[in-house]
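Inspection log for the structure reproduced underneath, given as structure tokens.
The values are calculated or read from the model by the stated rules, or taken from the named source; none is laboratory data. Small disclaimer: the values here were computed from a predicted structure and weren't measured. Cβ placement follows ideal geometry from the backbone for every residue including glycine, while neighbour counts extend to all protein chains displayed. These accessible areas exclude ligands, DNA and RNA; they are computed on the full protein's heavy atoms, side chains included. Shrake-Rupley method; radii C 1.70, N 1.55, O 1.52, S 1.80 Å.
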Amino acid sequence: MKLSDRVGKIKPSPTLAVSAKAKEMASQGIDVISFGAGEPDFDTPNNIRDKAVEAIREGFTRYTPPGGIVELKEAIRNKFLNDNGLNYDLSQIIINCGAKHTLYNIAQVLFNSGDEVIIPAPYWVSYPDIVTLADAKPVIVETSDKQGFVMSPDDFKKAITPKTKAVIINSPSNPTGALYSEENLISIARIAHEQEIIVISDEIYEKLIYDGKKFAGIISLMPEIKDQAVIVNGVSKTYAMTGWRIGYAAGPPEIIGAMTKIQSQSTSNPNSIAQKAAIEALSGPQDSVNTMVKEFVKRRDYMVNELNKIDGVSCLKPEGAFYLFPNFSGIYGKSYQEKTISNSLELSEFLLDNARVAAVPGVAFGADDFIRLSFALSMQNIQEGIKRIKEALDTL
Ligand SMILES: *Cc1c(COP(=O)(O)O)cnc(C)c1O
């Protein structure tokens, strides 16, 4: 069977091999500790679930308008007003089937063949493929742990060509947890403004920030770019609602209108019941978020401390999200059973085989010296997992 050229252009995920093997080991009764989770280990809060049950009972089970229901758009408008000081009209807001789908729609309505999209690395795994699926070209700007994993305004400027159409900013970041400073964001916004580059700001980890740091979005910091910027957000991470599939965007009416058109011919609308639940998530009590943040801080601090005690490993303390992105390159070159560990994939395989610990290799995020360890698992599992990592590395 001959499949489309489009499918051939995107790579199978390098994380797949490790996670498939981890699942296989678990199914054989081997207790694998997984640091691979890309979602909170908490349950969706009960007040949110109750609203979904209520929606089902009331028969709110039909198609909704393609861009989402007005009541949820209003809740989103209030969220932007209260949290970000940004005033959007309802025609500037769309609800999609998860923030990944929001990004997919944005790429479909904005990019043409030949367009370049600047993506700082380490990046969230889906950005390059979403850009590629829209026929555009991802332009990767490397950042290092030494510079705190944030793209400098200078490096941004250097990556710009006449073909540059957009830049994707993700702060706090998956996989690094890095938070861009206000200064840095303002400089990036200024350059984007001068060069008429669209800013796509993925703010899905906005509420998962630690140590009293405050979130500042690039558009709130420089409202001049509001007409050339789209904010992406969603309920998946903040409210432990990954399975509900609700993401949203705010931006210029032309972009939002075009996204609505695409959506009307693809998914029709986001799930009706999940939309009702999302209203409660955004407008109801927020204490579950604080509980989650408090727990995440404890786990993060423990893991960062323990990892930094290991020879050959160095780990920055992330300011947001729920991932650590430790540098393991000090381990590279070491051997076991006649095999040498020389990259993040081989390191992940080693950890799985010899420590029964699953981690996502950094190469999936465009950074091969690193692995991603989630802290969305219980403290007990974290302690056991770190112990296993140490013991396995001691055998090298
Ligand atoms: C999880 C994640 C998303 C997508 O979340 P959805 O579940 O699709 O809403 C988008 N961006 C980043 C950086 C993420 O980590």
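In table form, for the structure just shown:
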| quantity | calculated |
| --- | --- |
| Residue within region 213-225 that is within 13 Å of the ligand (Cβ to nearest atom) and either at pLDDT below 95 or assigned to a loop (DSSP other than H, G, I, E, B) (or both) present | no |
| Residue list for region 326-357, filter: under 29 Å from Glu295 (Cβ atoms) and open to solvent by less than 10 Å² (accessible area, probe 1.4 Å) | Pro326, Phe328, Ser344, Leu347, Ser348, Leu351, Leu352, Ala355, Val357 |
| Number of the condition not met by Tyr104 [criteria: (1) of a type outside the set (S, T, N, Q); (2) closer than 27 Å to Gln195 by Cβ; (3) away from the ligand (no atom under 13 Å from the Cβ)] | (3) |
| Region 41-50, residues that are buried (at least 19 other Cβ atoms within 10 Å of the Cβ) and more than 16 Å from the ligand (Cβ to nearest atom) | Pro45 |
| Some residue of region 93-100 being in contact with a Leu (Cβ under 8 Å, 6 or more places away or on another chain), modelled with pLDDT of 95 or more, of a type outside the set (A, V, I, L, M) and open to solvent by 10 Å² or more (accessible area, probe 1.4 Å) | no |
| Yes/no for Pro172 being part of a helix (DSSP H, G or I), crowded, with 18+ Cβ neighbours inside 10 Å and out of contact with any helix residue (DSSP H, G or I) (no Cβ under 8 Å at 6 or more places or on another chain) | no |
| Test: residue in region 140-148 that is free of Cβ contacts under 8 Å to residues at least 24 places away in the same chain, more than 16 Å from the ligand (Cβ to nearest atom) and farther than 30 Å from Cys315 by Cα | no |
| Tally, over region 127-163, of residues that are surrounded by 17 or more Cβ atoms within 10 Å (Cβ to Cβ) and among the polar types (S, T, N, Q) | 2 |
| Verdict on Lys207 being surrounded by fewer than 22 Cβ atoms within 10 Å (Cβ to Cβ), modelled with pLDDT under 95 and assigned to a loop (DSSP other than H, G, I, E, B) | no |
| Where Thr44 falls short, out of the listed (1) within 24 Å of the chain's Cα centre (by Cα); (2) free of Cβ contacts under 8 Å to residues at least 24 places away in the same chain; (3) in a loop (DSSP other than H, G, I, E, B) | (2) |
| Criterion (over 30 Å from Gln383 (Cα atoms), part of a loop (DSSP other than H, G, I, E, B) and either open to solvent by 30 Å² or more (accessible area, probe 1.4 Å) or touching a residue at least 24 places away in the same chain (Cβ under 8 Å) (or both)) met by exactly one of Gly38, Gly68 | Gly68 |
| Region 340-382: number of residues that are in contact (Cβ under 8 Å) with a residue 12 or more places away in the chain and farther than 16 Å from Ser19 by Cβ | 13 |
| Single residue of Thr260, Thr291, Thr242 found to be among the polar types (S, T, N, Q) and within 16 Å of the ligand (Cβ to nearest atom) | Thr242 |
| Check on Val117, open to solvent by 10 Å² or more (accessible area, probe 1.4 Å), modelled with pLDDT of 95 or more and β-branched (Val, Ile, Thr) | no |
| Tally of residues being more than 10 Å from the ligand (Cβ to nearest atom) and outside any helix (DSSP H, G or I) across region 228-237 | 3 |
| From the options Ala166, Ala178, residue that is more than 14 Å from the ligand (Cβ to nearest atom), crowded, with 22+ Cβ neighbours inside 10 Å, in contact (Cβ under 8 Å) with a residue 40 or more places away in the chain and not in a helix (DSSP H, G or I) | Ala166 |
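One line per residue, one yes/no per condition, for (1) within 16 Å of the ligand (Cβ to nearest atom); (2) of a type in the set (Lys, Arg); (3) touching a residue at least 12 places away in the same chain (Cβ under 8 Å); (4) touching a His at 6+ places or on another chain (Cβ under 8 Å):
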| residue | (1), (2), (3), (4) |
| --- | --- |
| Lys276 | no, yes, yes, no |
| Met303 | no, no, yes, no |
| Asp311 | no, no, yes, no |
| Ser314 | no, no, yes, no |
| Phe322 | yes, no, yes, no |
| Phe325 | yes, no, yes, no |
| Ile331 | no, no, yes, no |
